[in-house]
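To start, the structure under review is shown below, and the notes come after it.
Bear in mind these aren't lab numbers, they're just calculated from the coordinates by the rules spelled out. Remember, predicted model here, so these are calculated numbers, not experimental data. Cβ atoms come from the backbone with ideal geometry, glycine included; neighbour counts cover every protein chain shown.
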Amino acid sequence: MSESPHDQQRRAERSRVPVPPASKSTVRPLSSRERAAAALRTAILDGTLRPGERLNDQELVEWLEVSRVPLRAAIHDLVDEGLVETRAQSHTRVATPDPSRLVEYTQTIGALLGGVARITVPGLDEARSDSIVEHALDVRSALEGGDTATIAQSHLLLIHAFLDACSNPVLTGATRTVLEAAHFHASRSFQPSDLDLDDLAQTMDELVEAVRTLDGVRAELALEHFYDL
């Protein structure tokens, strides 16, 4: 059967679409701006740079080994993420969390991380499942210990374990920086005395069982309960 003029046109159009060779990687190296933003983000999240700490351009240029232009672009990105604050003709500094917005931050984490868990947990392989379970048990142990810094750090590692296990790059790309920023603000706005530590520890037990049985809905509900949704 001969092709119609329409089919011939469609085939010609498809033949002009460049298809990269399968053997070549499509992963591009990070730009100076992206490298600077990633380094600053990590330093803020792990406490190397503390809330309210002023950021000096010249010191950062020397530390990060980038020029001033990509540095300022990186700082602008972190302002958009809520990790850095700037004021014209005044200062650039690490954001200072507002405890009055704690519920907003925890609700954000619960809604987003619960969604990631619902999609991710049913398809976990043994290694990813074991990793998430290990981090959930670390959170439980930290809650029993009652140390704020340990609770915050173990919790961030659990968030990363879920994101690293998620096979949907669109979802992880859209949620990673939001989750990290929300965690930064939430983890520096609460005191263990504000929490029902026994209830939260039991919720981690529920999450562990959900992950072990690959039950995404159960994992989502456990995380939503953990964040009081």
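Under the Kirkwood approximation for Rh and a Cα-based Rg, what ratio Rg/Rh is obtained for region 39-81?
Working: Rg = 9.9 Å, Rh = 10.7 Å.
So for region 39-81, dividing Rg by the Kirkwood Rh gives 0.93.
As a calculated quantity, the FRET efficiency between ASP46 and VAL103 at R0 = 30 Å, using C-beta atoms, amounts to about 0.75. Using alpha carbons only, how many angstrom separate the centre of region 197-229 from the centre of region 121-141? What the calculation gives is 12 Å, centre to centre.
Taking trypsin sites (Lys or Arg not before Pro) in DSSP loop states with no more than 10 other Cβ atoms inside 10 Å as exposed sites, the chain has its longest site-free stretch at 25-229. Between ASP199 and ASP164, the contour length at 0.36 nm per residue exceeds the Cα-Cα span by 9.9 nm. Mean separation of Cα pairs under 8 Å and 6 or more residues apart, divided by the residue count, gives region 99-226 a relative contact order of 45 percent. Look at the alpha carbon pairs under 8 Å that are at least 6 residues apart: their mean separation over the length of the chain gives a relative contact order of 24 percent.
How high is the FRET efficiency from SER90 to ALA174, r the C-beta distance, R0 30 Å, rounded to 0.05? According to the calculation, E is roughly 0.40. With all pairs of separate Cα atoms included, the chain yields a Kirkwood hydrodynamic radius of 20.0 Å.
Which of the three applies to region 85-168, rounded, prolate or oblate, going by the alpha-carbon gyration tensor with a ≥ b ≥ c and a/c under 1.5 meaning rounded? Each step should come with its number before you reach the end.
Details: a/c = 2.40, a/b = 1.68, b/c = 1.43.
Here region 85-168 falls in the prolate category.
Label region 99-226 by shape, choosing from rounded, prolate and oblate, from the square roots a ≥ b ≥ c of the eigenvalues of the Cα gyration tensor; if a/c is under 1.5 it is rounded, and otherwise prolate applies when a/b is larger than b/c, oblate when it is not. Oblate is the answer for region 99-226, as a/c is 1.5 or above yet b/c matches or exceeds a/b.
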